[in-house]
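A short reminder: the numbers here are calculations on the coordinates, not readings from a lab. Quick caveat, the model's predicted, so the values are computed rather than measured. In this analysis, Cβ positions are derived from the backbone assuming ideal geometry, glycine residues included, and neighbour counts consider all displayed protein chains.
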């Protein structure tokens, strides 16, 4: 007797099964790519170290109280103006042209009452314990934005690319071999022109209202 | 002329759906590969604050700390105060060290020295809690941190 060939399996429902699985994975997928503001905390210091003296004009003190109001150098300020005034402060370059602290690349107002040099300028953020995290991050974001703005400006002037873009590409491993070292060196140079000097004093119990 | 008359009256053939499963499978594999199953159950609320000056987090070398108010189903038990979650459970400030060391132990050994602590903090939390965490991290000498945010800008709203 001739063997009958096996009947073909109907594959019509294959699509349905695949769809079912597809929808399951569609629903469970979270394309998580966490991003955020990176920071390096200062190491614990021994008590007997005397903190270095910083001239008052080189300090940009940002106070945030428990009602999320912002005060900069004793003057109340809106959050939207913070970036601009931080840029003005960092980029001021107030030291006179014959002093060793003269800043040749600064484009600020060169007011003698504001910071001497980006290397000297320190931004200090002090917040109340009851400040909301929301405001805290917003302030940090604006201050980092000020640094990024200045660094981008200088890297555009010197090398023709954005500091932040190059840093991002570096993080993604887009540069290889020699180019990597070269770009890294340039990034370091820019960082030295505008070093991130953001100090965070421990949150005070109560800051002035 | 019969060549041409033949076609007359012919309707459009139905579109073959035989390749439909292939297309669906392709999509399926894509999502299967891209899917990351949630590793931890969130016990705290997580509305992350907005920021735009951000850097990417390197997942292979990071440990997570969550903080915020307990989520709705835990409110009765744990109250309204901001709490810290590491791994799958609530952690007290004093126990952060232990919990973090444990979390770090799960990372690739080569990367353990360059560990980054990712802080996922609800935007309604008091900064005091974050400050406490940071103080603790300094003591533990895990000084690289990253505040996880969502894209956007605080000024826009």
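Figures for the structure shown
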| item | result |
| --- | --- |
| Computed over chain A: relative contact order in percent, which uses C-alpha pairs under 8 Å that are six or more apart | 21 percent |
| DSSP beta bridges in region B:44-157 [antiparallel fraction, %, rounded to 5] | 40 percent |
| Cα centroid separation, region A:49-114 to region B:115-157 (Å) | 25 Å |
| Beta bridges per DSSP with both ends in region A:58-200, % antiparallel, nearest 5 | 40 percent |
| Between 0 and 90°, nearest 10: helix A:177-193 axis offset from chain A longest Cα axis | 40 degrees |
| Helix axis angle, A:133-158 relative to chain A longest principal axis, alpha carbon, degrees | 80 degrees |
| Region B:50-156 shape via C-alpha gyration tensor axes, a/c threshold 1.5 | oblate |
| Ranking of A:165, A:142, A:154 by count of other Cβ atoms within 10 Å, fewest first | A:165, A:154, A:142 |
| DSSP bridge pairs, region B:62-120: antiparallel proportion in percent, nearest 5 | 55 percent |
| Nearest-ten-degree value, helix B:127-140 long axis tilted from longest Cα axis of chain B | 80 degrees |
| Whether region B:36-104 is rounded, prolate or oblate, judged on the alpha carbon gyration tensor where a/c under 1.5 counts as rounded | oblate |
| Sequence-separation-based contact order of chain B, relative, with Cα cut under 8 Å and 6+ spacing, percent | 28 percent |
| B:35, B:127, A:132 arranged by Cβ crowding within 10 Å, fewest neighbours leading | B:35, A:132, B:127 |
| Prolate/oblate/rounded call for region A:58-200, Cα gyration tensor, a/c under 1.5 rounded | oblate |
| Ascending count of other beta-carbon atoms within 10 Å, so fewest first, for B:25, A:89 | B:25, A:89 |
